[in-house]
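Written below as structure tokens is the structure these notes are about.
Throughout, read-outs are computed from the coordinates displayed, never taken from laboratory work. The shown structure was predicted, so the numbers you read here are calculated from the model rather than taken from an experiment. Positions of Cβ are generated from backbone atoms using ideal geometry, with glycine treated the same way; all protein chains shown enter the neighbour counts.
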Amino acid sequence: MDDSVYTGNAGEDAALDRGWILGHFKAAGDPRHSEDVEIKWGVHPPGDERAEWVRGEQRTALLVLISGRFRVELPGRSVLLRRQGDYVVWGRGVDHSWRAEEESVVLTVRWPSVPGYAVGYAVESGA
């Protein structure tokens with residue numbers, strides 16, 4: 001078996017590491033370990049939101065909507081992703097937050113892969 005190849009399912013693997021399937025946080029030697037990029041398969045119930053804004057972002061990020069309705073909050077701007085394939089990109093130094101307006105699946109790519117921002121989610125009760 002080739003140790004430089006990994007196959008899996010994003011939904012299943014994401015459940016093991018808060019959605020992240022590739023990045024610095026995977027074990028050295030795992031093909032999913034990278035200090036260059038991080039990839040997340042995010043599955044969010046309605047009302048799911050970041051518990052607090054990311055401040056002092058050190059990475060560039062791309063967030064692509066796979067399904068649902070997902071809002072990304074940026075300084076002075078709110079971006080609603082509502083059609084499959086809608087996406088938003090923000091650069092280093094751009095604070096941000098997000099909220100799932102309905103059940104949503106999003107793919108996030110961030111680079112470079114750096115430690116930090118392990119903040120939980122706040123799911124709205126009754127939603």
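Using +1 on the beta carbon of Lys and Arg, -1 on that of Asp and Glu, and nothing else charged, what's the dipole of the chain about the Cα centre, debye to 20? Write out the running numbers ahead of the final one.
On the way: 15 positive and 20 negative charges, 99 e Å.
Charge dipole, the chain, about its Cα centre: 480 debye, nearest 20.
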I'd like to know which of 88, 34, 109 lies farthest towards the positive end of the charge dipole of the stretch 10-115, counting +1 on Cβ of Lys and Arg and -1 on Cβ of Asp and Glu.
88
Just grab the label-to-label distance for residue 52 and residue 16, each label 7 Å out from Cα along the Cβ direction, in nm (one decimal).
3.0
Can you sort 33, 96 so the residue with the fewest Cβ neighbours within 10 Å comes first?
33, 96
Go ahead and set up a Gaussian network model of the chain, Cα springs under 10 Å, then flag whichever of 45, 115, 75 fluctuates most.
75
Just grab the label-to-label distance for residue 27 and residue 82, each label 7 Å out from Cα along the Cβ direction, in nm (one decimal).
4.6
Where the Cα pairs of the stretch 24-76 fall when distances are cut into 5 Å bins, in %:
4, 12, 20, 22, 19, 14, 6, 1, 0
With r defined as the distance between the Cβ atoms of residue 74 and residue 103 and R0 fixed at 30 Å, what FRET efficiency is calculated, to the nearest 0.05?
0.85
³J(HN,Hα) computed for each position of the stretch 82-89 - Karplus, 6.51 cos²θ - 1.76 cosθ + 1.60, integer Hz, glycine/proline x:
10, 10, 3, x, 4, 8, 9, 10
I want the local charge near residue 38. Using Cβ-Cβ distances under 12 Å, sum +1 for each Lys or Arg and -1 for each Asp or Glu among the other residues.
+3
Distant-in-sequence amide H partners of residue 94 (H built 1.01 Å from N, under 5 Å)
57
